[in-house]
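A.B. asks: If you scroll down you'll find the structure; I have some questions about it.
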Amino acid sequence: MKIKSADFLMSNSSVDKCPTAPFPEYSFIGRSNVGKSSLINMLTGRKSLAKTSGRPGKTQLINHFIINKQWYLVDLPGYGYARVSKKSKKTFQKYITDYFLKREQLISAFLLIDIRHEPQTIDLDFMEWMGENGIPFAIIFTKADKLKPLAIQRKVEEYLAKLIEGIWEEAPKHFITSSSSGLGRDEVLNYIDNINKNLNNTI
Ligand code: GTP
Ligand code: MG
C-alpha cells in the first residue's frame, strides 16, 4: 500500500471525544518505550508524525492519525511505566480499557513486544484481557535490528510457544519489525490494506 497522506488529527483522554467518521481503525498498544510511536513513523514514512522519546511515558493520550484520508492509526500511551504507583501498574489505565471496549471503529489492535525480552506478565495479562473481551489483535515484535537473524527466529519461536502453553489455542498473527531499518513495513501495511479491502467489499 502506498502512503499518500498521513496527518495528525487530534489527541484525547477519553474515547467519547475521539473522531466520529466511520473509518477503519488500527491501534498500537504495549509497554512504555517498546516503540509504538516510532513504528507509526516508520509505517507512514513520516519521521516525526508521532512523538517519540528515549524515556518511557512519552505518549500520554489517545492520538489519532488519518492515513490516505481513509483509515485511522492510533498511538496509545504505554502501560507498565515503572514510575507510576504499584496499584496503577497492575490495572490498565481506565481510558485505555474504555477505548478498547467502546471504540466502534476499531478493527484490530497491534500489541507490540520488544523482541529482546522474555514474555512479561503485563503483556500476557493484556493479551488475555483482549481475548476475554473479544478484541482482535496481532503481535508486532519491535527492535529486531538489535538481534541477529538466528536470535530473532529463536526469540519469536520461544515467545509463541509460551503463548500456546498458556491460554491460547493457536498463536496470534505476528510481525517482526524494526523502525530503524524498516523491516516488516510492507507486511504490516499489506495486512491492513487487505482488511480494508475486504471491509469495502462487504459494505
Ligand atoms: P511511550 O510513548 O513512552 O509508551 O513509548 P513508545 O512505545 O511510543 O516508544 P517510542 O517510539 O517513543 O520509542 C522508545 C525508544 O525506543 C526511542 O528511543 C526509540 O528511538 C527506540 N526505538 C523504537 N523503535 C526502535 C527500533 O525498531 N529499533 C531501535 N534500535 N530502537 C527503537
Ligand atoms: Mg509513544
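A.B. asks: So, in region 62-73, exactly how many residues are touching a Phe, Trp or Tyr at 6+ places or on another chain (Cβ under 9 Å) and assigned to a loop (DSSP other than H, G, I, E, B)?
C.D. replies: Number satisfying all stated conditions: 2.
A.B. asks: Anything in region 31-50 that is surrounded by 15 or more Cβ atoms within 10 Å (Cβ to Cβ) and in a loop (DSSP other than H, G, I, E, B)? List them, or say none.
C.D. replies: Answer for region 31-50, where residues must be surrounded by 15 or more Cβ atoms within 10 Å (Cβ to Cβ) and in a loop (DSSP other than H, G, I, E, B): 32, 33, 34, 35, 46, 49, 50.
A.B. asks: Could you tell me which residue of region 8-46 is nearest to ligand 1 (Cβ to nearest atom), considering only residues that are more than 14 Å from residue 62 (Cα to Cα) and basic (Lys, Arg)?
C.D. replies: Among those that are more than 14 Å from residue 62 (Cα to Cα) and basic (Lys, Arg), it is 31.
A.B. asks: Restricting attention to region 181-188, does a residue exist that is part of a helix (DSSP H, G or I), open to solvent by 70 Å² or more (accessible area, probe 1.4 Å) and farther than 16 Å from residue 119 by Cα?
C.D. replies: Yes, region 181-188 contains at least one residue that is part of a helix (DSSP H, G or I), open to solvent by 70 Å² or more (accessible area, probe 1.4 Å) and farther than 16 Å from residue 119 by Cα.
A.B. asks: Can you go through 95, 191 and tell me which one is at pLDDT below 95, open to solvent by 30 Å² or more (accessible area, probe 1.4 Å) and part of a helix (DSSP H, G or I)?
C.D. replies: 95
A.B. asks: Find the residue count for region 131-160, including only residues that are open to solvent by less than 70 Å² (accessible area, probe 1.4 Å) and among the basic types (Lys, Arg).
C.D. replies: Summing the residues that are open to solvent by less than 70 Å² (accessible area, probe 1.4 Å) and among the basic types (Lys, Arg) in region 131-160 gives 2.
A.B. asks: For residue 171, all conditions in the list (1) of a type in the set (Gly, Ala, Ser); (2) surrounded by fewer than 16 Cβ atoms within 10 Å (Cβ to Cβ); (3) modelled with pLDDT of 95 or more hold save one; what is the number of the exception?
C.D. replies: The one condition residue 171 does not meet is (3).
A.B. asks: Going through region 100-136 one residue at a time, which ones are at pLDDT 95 or above and hydroxyl-bearing (Ser, Thr, Tyr)?
C.D. replies: 108, the sole residue that qualifies.
A.B. asks: Out of 172, 119, which single residue is under 23 Å from residue 192 (Cα atoms) and in a loop (DSSP other than H, G, I, E, B)?
C.D. replies: 172
A.B. asks: OK, next. Give the residues of region 57-78 that are near ligand 2 (Cβ under 10 Å from one of its atoms) and either modelled with pLDDT of 95 or more or buried (at least 16 other Cβ atoms within 10 Å of the Cβ) (or both), sorted by residue number.
C.D. replies: Correct list: 58, 59, 63, 75, 76, 77, 78.
Here's the yes/no breakdown for (1) surrounded by fewer than 21 Cβ atoms within 10 Å (Cβ to Cβ); (2) more than 16 Å from ligand 2 (Cβ to nearest atom):
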{"position": "2", "(1), (2)": "yes, yes"}
{"position": "13", "(1), (2)": "yes, no"}
{"position": "16", "(1), (2)": "yes, yes"}
{"position": "24", "(1), (2)": "yes, yes"}
{"position": "29", "(1), (2)": "no, no"}
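A.B. asks: Shifting gears a bit: Here are 176, 115: which of them is in contact with a helix residue (DSSP H, G or I) (Cβ under 6 Å, 6 or more places away or on another chain), more than 16 Å from ligand 2 (Cβ to nearest atom), within 27 Å of residue 62 (Cβ to Cβ) and open to solvent by 50 Å² or more (accessible area, probe 1.4 Å)?
C.D. replies: 176
The values are calculated or read from the model by the stated rules, or taken from the named source; none is laboratory data. Being a predicted model, the structure only gives us computed values, none of them experimental. Quick reminder, even Gly has a Cβ in these numbers, built from the backbone with ideal geometry, and neighbours come from all protein chains shown. Surface accessibility is based on the protein's heavy atoms, side chains included, excluding ligands, DNA and RNA. Shrake-Rupley method; radii C 1.70, N 1.55, O 1.52, S 1.80 Å.
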